[in-house]
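Input: a single structure, listed below in structure tokens.
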Amino acid sequence: QVQLVESGGGLVQAGGSLRLSCAASGRIFSSYAMGWFRQDPGKEREFVAAISWSRTYYADSVKGRFTISRDNVNNTLYLQMNGLKPEDTAVYYCAGASSFSGVLKGPQGIDYWGKGTLVTVSS
């Protein structure tokens, strides 16, 4: 089992920045591919970014503005979000999967989820 706890969400003006963190505990964090997803009320959960040991991948909507990174010593996943837009408003979820391709499959490929942290971007 892997437990994931997100933090760092909040209210920010358009153009601002936030850094989300996801603290992982349980099984060996470094052996999992990790990702961030987000969900707006009434919409499906959507992929944001993924990271393995050596690769990263981003949704087109956040490419060039968001950066995913991980600290395998401290078992923490990060999402640096710059140039935030009102359409980035959502609950952001940390996710873990046994493979990089699993994260890229979308929600159906995820083994573990955090409970989410709310990001609100005002215009």
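The values are calculated or read from the model by the stated rules, or taken from the named source; none is laboratory data. This one's a predicted model, so the numbers in the text were calculated from it and none came from an experiment. When we count neighbours, we look across all protein chains shown, and the Cβ atoms used for this are built from the backbone with ideal geometry, even at glycine. We work out accessible area using only protein heavy atoms, side chains counted, and drop any ligands, DNA or RNA first. Shrake-Rupley method; radii C 1.70, N 1.55, O 1.52, S 1.80 Å.
Residue under question is residue 16, and the condition is that it be open to solvent by less than 40 Å² (accessible area, probe 1.4 Å), in a loop (DSSP other than H, G, I, E, B) and either touching a residue at least 24 places away in the same chain (Cβ under 8 Å) or of a type in the set (Asp, Glu) (or both); does it hold? Judged against the criteria, residue 16 is a match.
A quick yes/no check of all residues on (1) in contact with a Pro (Cβ under 9 Å, 6 or more places away or on another chain); (2) among the β-branched types (Val, Ile, Thr); (3) loosely packed, with under 15 Cβ neighbours inside 10 Å; (4) touching a residue at least 40 places away in the same chain (Cβ under 8 Å):
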site: 55; (1), (2), (3), (4): no, no, yes, yes
site: 61; (1), (2), (3), (4): no, no, yes, no
site: 65; (1), (2), (3), (4): no, no, no, no
site: 74; (1), (2), (3), (4): no, no, yes, no
site: 97; (1), (2), (3), (4): no, no, no, yes
site: 103; (1), (2), (3), (4): no, yes, no, yes
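Just give me the residues in the range 20-48 being among the small types (Gly, Ala, Ser), open to solvent by less than 80 Å² (accessible area, probe 1.4 Å) and over 18 Å from residue 98 (Cβ atoms), in sequence order. Result: 21, 23. Scanning the range 105-123 for residues that are open to solvent by less than 20 Å² (accessible area, probe 1.4 Å) and in a helix (DSSP H, G or I) yields one hit, 109. Checking each residue in the range 42-98 for being among the hydrophobic types (A, V, I, L, M, F, W, C), in a loop (DSSP other than H, G, I, E, B) and farther than 17 Å from residue 9 by Cα picks out 53, 59, 73.
Would you point out the residue of the range 76-90, among those that are touching a residue at least 60 places away in the same chain (Cβ under 8 Å) and surrounded by fewer than 18 Cβ atoms within 10 Å (Cβ to Cβ), that is nearest to the chain's Cα centre (by Cα)? Going through the qualifying residues, I end up with 80. Based on what the data block shows, is residue 60 out of contact with any Phe, Trp or Tyr (no Cβ under 6 Å at 6 or more places or on another chain) and either under 17 Å from residue 20 (Cα atoms) or modelled with pLDDT of 95 or more (or both)? Yes.
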